[in-house]
Amino acid sequence: MSYSQEAQLRAVLAGKKLYLLDMDGTLYLGKRLFPHSLAFLEAVRASGADYLFLTNNSSRGTDAYVKKLNAMGIPAEAEDFFTSTDAACAWLRANYTGERIYALGTASFVAHLRREGFPVTERYDEQTDCLLMGYDTELTYQKLIDATRLINRGVTYLATNPDWVCPTEYGYIPDCGSIAQALEHATGRLPRFLGKPEPAIARLAMEKKQAAPEQTVMIGDRIYTDIACGKRAGISTILVFSGETTPEVWRQSDIKPDVALAGVEDILPALRGASLSSL
């Protein structure tokens, strides 16, 4: 890292109270925790700041994420997370006045919506007036048929996130955005996405932690969701190349983070007050 990059990073981190952190591709890949992730999280809190895991992955509930991170050695509680499912619930509470929501997602996703008190179904019927789609790792063809029928009827059509792929230790697999594109080919419609890059999810996260935009930084591996969300929410952004976005994609993109780094390990020295160039 050059001296100018080091200075730019320190300027971005100055006065930051809240770190909004993507998880998949930023802190871990599948079940593999990146070597410096735990040290990075410890350094954030040691610096006097706090962090919130801000993920678009709606396939798991918060309880499942707590268990996953704890199994990796990362201390985590439910209050440490804000997901695209949380963002969807916030949108529904503010805007939905219908009778029934078809939830296209995992059992964990459906259970989350029911706990929040929404009238959810997993079967097609004529009373359903809203389709909410998550990242469904339990997808069946029947769900696609039901979704197509609902979309063609003109119901309110929502989805948690536009991510095309989810990174795993064995490569990329289709995410919610890819499922939405498949349904677009069948119906001609795309959903309204409620997670990143929509700025509302970042604003809700800042509200949860009582942090202002100038006190907040977004860190993630996807330029079209993580970084775009931060930019649209008016907060600082750091792109890491440990997940989906490559340096080539970054150079060609119109969306530019404030800083681009190999991974969160490059942030550690600045958090600890050391010189990056001395490592």
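The values are calculated or read from the model by the stated rules, or taken from the named source; none is laboratory data. In this text the structure is predicted, and so the values were computed from the model without any measurement. FYI the Cβ positions are ideal-geometry reconstructions off the backbone, even for glycines, and counts take in every protein chain you see.
General remarks:
- Counted residues, segment 253-279 - those being polar (S, T, N, Q) and modelled with pLDDT of 90 or more: 1
- Failed criterion for Asp63 (all others in (1) free of Cβ contacts under 8 Å to residues at least 60 places away in the same chain; (2) surrounded by 21 or more Cβ atoms within 10 Å (Cβ to Cβ) hold): (2)
- Qualifying residue in segment 53-69 (condition: over 20 Å from the mean Cα position of the chain (by Cα) and of a type in the set (Lys, Arg)): no
- In the set (1) within 19 Å of the chain's Cα centre (by Cα); (2) on the phi < 0 side of the Ramachandran plot, Gly234 fails one condition alone, (2).
- Of all the residues in segment 204-239, those that are in a helix (DSSP H, G or I), over 14 Å from Tyr51 (Cα atoms) and among the charged types (D, E, K, R) number 4.
- Check on Leu194, in contact with a Phe, Trp or Tyr (Cβ under 6 Å, 6 or more places away or on another chain), of a type in the set (A, V, I, L, M) and farther than 19 Å from Glu122 by Cβ: yes
- Qualifying residue in segment 52-73 (condition: over 23 Å from Ser108 (Cβ atoms) and at pLDDT below 95): no
- Residues in segment 99-115 that are assigned to a loop (DSSP other than H, G, I, E, B) and either closer than 17 Å to Asn161 by Cβ or modelled with pLDDT under 95 (or both): Glu99, Gly105, Thr106.
- Test: residue in segment 93-103 that is under 18 Å from the mean Cα position of the chain (by Cα) and of a type in the set (A, V, I, L, M): no
- From Ile179, Ile173, Ile151, Ile145, residue being more than 17 Å from Ile101 (Cα to Cα) and part of a helix (DSSP H, G or I): Ile179
- Condition check for Ala43: outside any loop (DSSP other than H, G, I, E, B), over 17 Å from the mean Cα position of the chain (by Cα), of a type outside the set (Phe, Trp, Tyr) and over 20 Å from Glu79 (Cα atoms): no
- Looking only at segment 209-236, and only at residues there that are without any contact (Cβ under 8 Å) to a residue 40 or more places away in the chain and not aliphatic (A, V, I, L, M), the one that is surrounded by the fewest Cβ atoms within 10 Å (Cβ to Cβ): Gln210
- Hey, Thr187 free of Cβ contacts under 8 Å to residues at least 12 places away in the same chain and polar (S, T, N, Q) or not: no
Conditions (1) closer than 25 Å to Ser59 by Cα; (2) among the hydrophobic types (A, V, I, L, M, F, W, C), marked per residue:
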site: Glu169; (1), (2): yes, no
site: Gly177; (1), (2): yes, no
site: Gln210; (1), (2): no, no
site: Gly220; (1), (2): yes, no
site: Ala233; (1), (2): yes, yes
site: Phe241; (1), (2): yes, yes
site: Arg251; (1), (2): no, no
site: Asp254; (1), (2): no, no
site: Val259; (1), (2): no, yes
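- Some residue of segment 10-26 being assigned to a helix (DSSP H, G or I), within 30 Å of Leu194 (Cα to Cα) and among the small types (Gly, Ala, Ser): no
- From the options Ala76, Ala46, Ala103, residue that is without any contact (Cβ under 8 Å) to a residue 24 or more places away in the chain and either among the acidic types (Asp, Glu) or touching a helix residue (DSSP H, G or I) at 6+ places or on another chain (Cβ under 9 Å) (or both): Ala76
- Filter result for the condition that a residue is under 15 Å from Tyr135 (Cβ atoms) and surrounded by 15 or more Cβ atoms within 10 Å (Cβ to Cβ), over Ser178, Ser242: Ser178
- Residue match in segment 143-161 (condition: touching a Phe, Trp or Tyr at 6+ places or on another chain (Cβ under 8 Å) and either outside the structural domain of His112 (by TED's automatic domain parsing) or closer than 16 Å to Gly243 by Cβ (or both)): yes
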